[in-house]
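Some notes on the structure that comes next.
The values are calculated or read from the model by the stated rules, or taken from the named source; none is laboratory data. As the structure is a prediction and not an experimental result, all values here were calculated from the model. All Cβ positions, glycine included, derive from the backbone under ideal geometry; neighbour counts span all protein chains shown. SASA here: full protein model, heavy atoms, side chains in, ligands and nucleic acids out. Shrake-Rupley method; radii C 1.70, N 1.55, O 1.52, S 1.80 Å.
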Amino acid sequence: MLLAIDVGNTNTVFALFRDDVQISSWRAATQASRTGDEYFAWLESMVSAKASINEINAVIVSSVVPKVRFNLLHLCERYFKCVPLEVGSKNCLLPIEIKVDQKSQVGADRIVNTVSAYDRYGGNLIVVDFGTATTFDVVGEDGSYLGGVIAPGVDLSIKALHQAAAALPRIDVAQPSQIVGKNTLECMQSGFFWGYISLIEGITKRIQTEQNKEMTLIGTGGYSLEFDQSPGLFAHVEMDLTIHGLRLIYDYNRKNTYG
């Protein structure tokens with residue numbers, strides 16, 4: 001069985017595959033201090049309801065947090081008797097071309113999302129990922145990664161405003177009933193919700209103007225469903241985009257390495 005691990009700055013997602021079929025997935029807070037032994041104990045309790053953890057014999061990892069790498073390597077080598085395939089490493093083949101100045105600096109998650117989105121929807125895409133940062137990734141007609149935009153994430157912005165202005169509360173993201181708020185909470189909700197809608201609409205419009213073509217918008221990440229409440233913002237919302245891409249990259253390497 002294949003274990004796919006997507007390590008983000010805030011959360012880490014683990015997904016289990018048997019014969020290309022996803023059995024289940026689990027989410028945990030990303031903690032650089034968590035040891036390989038702790039990972040295994042936690043995973044064993046999660047996996048046991050679906051399969052035997054001893055069936056795992058292959059692992060693929062996408063990580064934007066370098067500090068967790070050693071402990072994940074320990075997990076794989078000690079408990080799964082394998083060396084994980086790491087997206088972004090020299091031994092990881094990609095089914096797409098990366099057309100940017102410094103390829104090594106492109107986040108692994110952005111590469112994986114590009115592979116996944118192209119597989120599902122073809123080319124000429126903009127993938128908007130709501131994570132710790134809000135990223136916009138441009139996928140060419142042939143599936144190549146053309147670059148993108150990085151903006152502050154929603155939670156990061158909410159936290160920064162709350163910490164900088166003592167009188168302003170921490171809020172949840174929700175679509176307000178009207179643009180003009182009648183109290184502090186409504187004013188803040190309107191600013192964040194419609195502010196990010198305008199951010200998405202403005203940046204994606206400028207990208208399409210620069211590319212001189214219409215492009216399909218794909219939403220993914222924690223807040224994509226909340227912002228999808230705005231009609232017509234995204235053509236598709238895919239919550240499992242990165243995990244699907246990890247499986248595709250693993251399959252591509254398996255076929256092209258072992259035939």
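Against the condition at pLDDT below 90 and under 19 Å from Asn11 (Cβ atoms), how does Ser157 come out, does it pass?
Values: at pLDDT below 90: yes; under 19 Å from Asn11 (Cβ atoms): yes.
Taking the combined requirement at face value, the residue satisfies it.
Would you say Arg27 is at pLDDT below 95, open to solvent by 30 Å² or more (accessible area, probe 1.4 Å), more than 24 Å from Arg254 (Cα to Cα) and not small (Gly, Ala, Ser)? Steps first, answer last, please.
On the way: at pLDDT below 95: yes; open to solvent by 30 Å² or more (accessible area, probe 1.4 Å): yes; more than 24 Å from Arg254 (Cα to Cα): yes; not small (Gly, Ala, Ser): yes.
Considered against the rule, which asks whether it is at pLDDT below 95, open to solvent by 30 Å² or more (accessible area, probe 1.4 Å), more than 24 Å from Arg254 (Cα to Cα) and not small (Gly, Ala, Ser), Arg27 comes out as yes.
Of a type in the set (Val, Ile, Thr), more than 15 Å from the chain's Cα centre (by Cα) and modelled with pLDDT of 90 or more: which single residue out of Ile56, Ile60 fits that description?
On the way: Ile60 fails: more than 15 Å from the chain's Cα centre (by Cα).
That would be Ile56, the only listed residue that is of a type in the set (Val, Ile, Thr), more than 15 Å from the chain's Cα centre (by Cα) and modelled with pLDDT of 90 or more.
Name the pairs: first residue in region 48-76 and closer than 18 Å to Cys92 by Cβ, second residue basic (Lys, Arg) and outside any loop (DSSP other than H, G, I, E, B), Cβ to Cβ under 7 Å, at least 6 apart or on different chains?
Ser63/Arg69
What's the number of the only condition in (1) free of Cβ contacts under 8 Å to residues at least 24 places away in the same chain; (2) open to solvent by 40 Å² or more (accessible area, probe 1.4 Å) that Ala165 fails to meet?
Tallying (1) free of Cβ contacts under 8 Å to residues at least 24 places away in the same chain; (2) open to solvent by 40 Å² or more (accessible area, probe 1.4 Å), Ala165 fails exactly one: (2).
Give region 191-227 a look and list any residue that's without any contact (Cβ under 8 Å) to a residue 24 or more places away in the chain and either open to solvent by 50 Å² or more (accessible area, probe 1.4 Å) or closer than 30 Å to Arg27 by Cα (or both), or say none. Reasoning before the result, please.
We begin by selecting, within region 191-227, every residue without any contact (Cβ under 8 Å) to a residue 24 or more places away in the chain; these are 191, 194-195, 198, 202, 205-206, 209-210, 212, 225.
Residues satisfying the conditions are Gly191, Trp194, Gly195, Ser198, Lys205, Arg206, Thr209, Glu210, Asn212, Leu225.
Being part of a helix (DSSP H, G or I), within 22 Å of the chain's Cα centre (by Cα) and of a type in the set (D, E, K, R) narrows it down to one of Lys90, Lys67, so name that one.
On the way: Lys90 fails: part of a helix (DSSP H, G or I).
The match here is Lys67.
Between a residue in region 93-110 that is within 15 Å of Leu241 (Cβ to Cβ) and any residue that is polar (S, T, N, Q), which pairs come within a Cβ distance under 8 Å, given they are 6 or more apart or on different chains?
Qualifying pairs under 8 Å: Ile96/Thr114; Ile96/Ser144; Gly107/Thr135; Ala108/Ser62; Ala108/Ser63; Asp109/Ser62; Asp109/Thr242; Arg110/Thr135.
Which of the residues belonging to region 116-154 are farther than 23 Å from Thr12 by Cβ, hydroxyl-bearing (Ser, Thr, Tyr) and open to solvent by 40 Å² or more (accessible area, probe 1.4 Å)?
Selection gives Tyr118, Tyr121.
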